[in-house]
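Data first, discussion second: the structure below is written as structure tokens.
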Amino acid sequence: MRWSLRRLLAGAAFILIGCTATAMPALAERRVALVIGNSAYRNTVQLPNPRNDATDVARMLKGSGFEVVEGVDLDKRGMDDAFRRFADAAVGADAALFFYGGHGFQFQGANYLVPIDAKLTGAADVGSQMARVDDILADLQRASGVRILMLDACRDNPLADQLLAQVNPARAVTITRGLARIKQTAGTVIAYSTQPGAVAADGEGRNSPFAAAFLREVGSPGVEIGPLFRHVAADVYRATNERQLPEVTFSLLGDFYFVGQAPAAPPPVAAGPSATQSAALAFPTAAARTAAEGCDKLAA
């Protein structure tokens, strides 16, 4: 039976794929992020930096292989829509990240982020006009890999004081400007721009101290996320004359790198081969020679 040229080429291609399979790179991991920066508040103090922070962080993440849902100066409807888009994208992702810059506070022990159109006339408005951090945490849980939550939302926010003044003094209500500590779940990194319950600086340059430190440190290749955030915390502490200290909590089950990978471990130093081992390395077996010749002939 004669072989056609097409069958011979197909067979050669199959053998070549088999011979080179071990050299093929692994499939790239899928990374997704939601980045929001709210600056142009309509009913409370405006913030100059969150808009810049979100723009710069989103650009960095895109360069690091993230699919980014980006939002700047979002009202409540815009934040809800961004949350939905991110929730869909996060399903099964190898890494999912949420970064928020803007106003935020805690009410009755829960953390809330403030859309630019928020206007509080009473405690009942908190649930309807604010964005709950617990909701974005639930969206992060849809990822199958590492989950990263970054909150630069502890600015000096008069809304918290206004709300406290409107609450009936007879009610036991807890409202503070800082954020509450979030219960950790496995596979999660939570980074606050300052200590829970404290207030963070907005900064005098283009970025907040927290965002500036993160953008500066994250560009270093081969730095694992643990040391990276420790460097960020140290940078912020120095830049604010020891007035602001970020808090980062980890419950990762493995390593994560924004840029690059871990440096390759040096090969182990082994004793010199024996005479028998040298002969085996210098002269392959007949079976090995036959297999290699077969690959070469079929490829030709």
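Net length available on complete extension from Tyr257 to Glu242 is 2.6 nm, with 0.36 nm assigned per residue and the Cα-Cα distance removed. For segment 76-162, the Cβ-based charge dipole about the Cα centre amounts to some 100 debye (Lys, Arg positive; Asp, Glu negative; other atoms uncharged). Using θ = phi - 60° in the Karplus curve 6.51 cos²θ - 1.76 cosθ + 1.60, the 3J(HN,Hα) couplings for segment 55-62 round to 4, 6, 5, 4, 4, 4, 5, 4 Hz; x is entered for Gly and Pro. In terms of its alpha-carbon gyration tensor, segment 204-259 comes out oblate; a/c meets the 1.5 threshold, while b/c is at least as large as a/b. Couplings for segment 236-248, taken from phi via the Karplus curve 6.51 cos²θ - 1.76 cosθ + 1.60 with θ = phi - 60°, read 5, 4, 6, 5, 9, 6, 6, 8, 9, 10, x, 10, 10 Hz in order; Gly and Pro are left as x. Among Gly71, Val45, Gly92, whose Cα projects farthest towards the positive end of the dipole of segment 37-94, with charges put on the beta-carbon of Lys, Arg (+1) and Asp, Glu (-1)? Working it through, the farthest residue towards the positive pole turns out to be Val45.
For segment 108-122, putting each phi into the Karplus relation 6.51 cos²θ - 1.76 cosθ + 1.60 with θ = phi - 60° gives couplings of 6, x, 9, 8, 10, 9, 9, x, 6, 9, 5, 9, 9, 10, x Hz, in residue order, rounded to whole numbers and with x for Gly and Pro.
We did not get these values from a lab; they are worked out from the coordinates using the rules stated. What you see is a predicted model; the values in this text were computed from it and never measured. Positions of Cβ are backbone-derived with ideal geometry, glycine not excepted, and every protein chain shown enters the neighbour counts.
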